[in-house]
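Once you've had a glance at the structure underneath, I'll fire off some questions.
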Amino acid sequence: MKINAFVALCLSALAPMAACISDTSDVNESGNIIESETEGASGVAIDSSDAAQGVPVVDAGKDSGDISVQYIGVPWNYVYNPSLGSLHDYCTASPDEYILAPAGNRANFRGPCAYHDMCLEQGQYPQGCHDWLLANMYGNCMEKYPVGNQYRQGCLNTAHAYWTAVTIWTYIPH
């Protein structure tokens, strides 16, 4: 089995189980991301100057029980063309949205995946690209599903599963 097929198989197996995945080390009982004022949901530092560039979308809230988020869509300069390879096809072999929610109420992952593709294509440090993917996916999940929404935790878990898969994929020799 090729490595690409293996990763796709792992992601397809993880997506339906997203509601059962329990990595709540940074999520409290009400589904809020727990973080300091200087770290994003993925544990990476948030610099407000980066926000103007459209990369980090998760920003620590000072007084709220939750963090403020902004939806991240597909950047204007992203080239969607799967014939150019995996850096031009949104989330590659994984769903481009949170599929456990009903159609019409799904968090969109195309923007975070597009930014991840662009980050890797620019030769950035891969783990940094992966961490921004997680932060951006968390942001889109939290923007779509506010605190108390039944799909919020499953979406966050799915984002974490995507991050795990791309992080593992980076360290598999290919």
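The values are calculated or read from the model by the stated rules, or taken from the named source; none is laboratory data. Keep in mind that this is a model prediction, so the values were computed, not measured. Cβ sites come from the backbone with ideal geometry, for glycine too, and all protein chains shown count toward neighbours. Just the protein is used for accessible areas: all its heavy atoms, side chains included, with ligands, DNA and RNA removed. Shrake-Rupley method; radii C 1.70, N 1.55, O 1.52, S 1.80 Å.
Yes/no matrix, rows are residues, columns are (1) among the aliphatic types (A, V, I, L, M); (2) open to solvent by 60 Å² or more (accessible area, probe 1.4 Å); (3) in contact with a strand residue (DSSP E or B) (Cβ under 9 Å, 6 or more places away or on another chain); (4) touching a residue at least 12 places away in the same chain (Cβ under 8 Å):
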position: 112; (1), (2), (3), (4): no, no, no, yes
position: 121; (1), (2), (3), (4): no, yes, no, yes
position: 127; (1), (2), (3), (4): no, no, no, yes
position: 147; (1), (2), (3), (4): yes, yes, no, yes
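So in segment 70-91, with the set limited to residues that are among the polar types (S, T, N, Q) and assigned to a loop (DSSP other than H, G, I, E, B), which one is nearest to the chain's Cα centre (by Cα)?
The qualifying residue nearest to the chain's Cα centre (by Cα) is 70.
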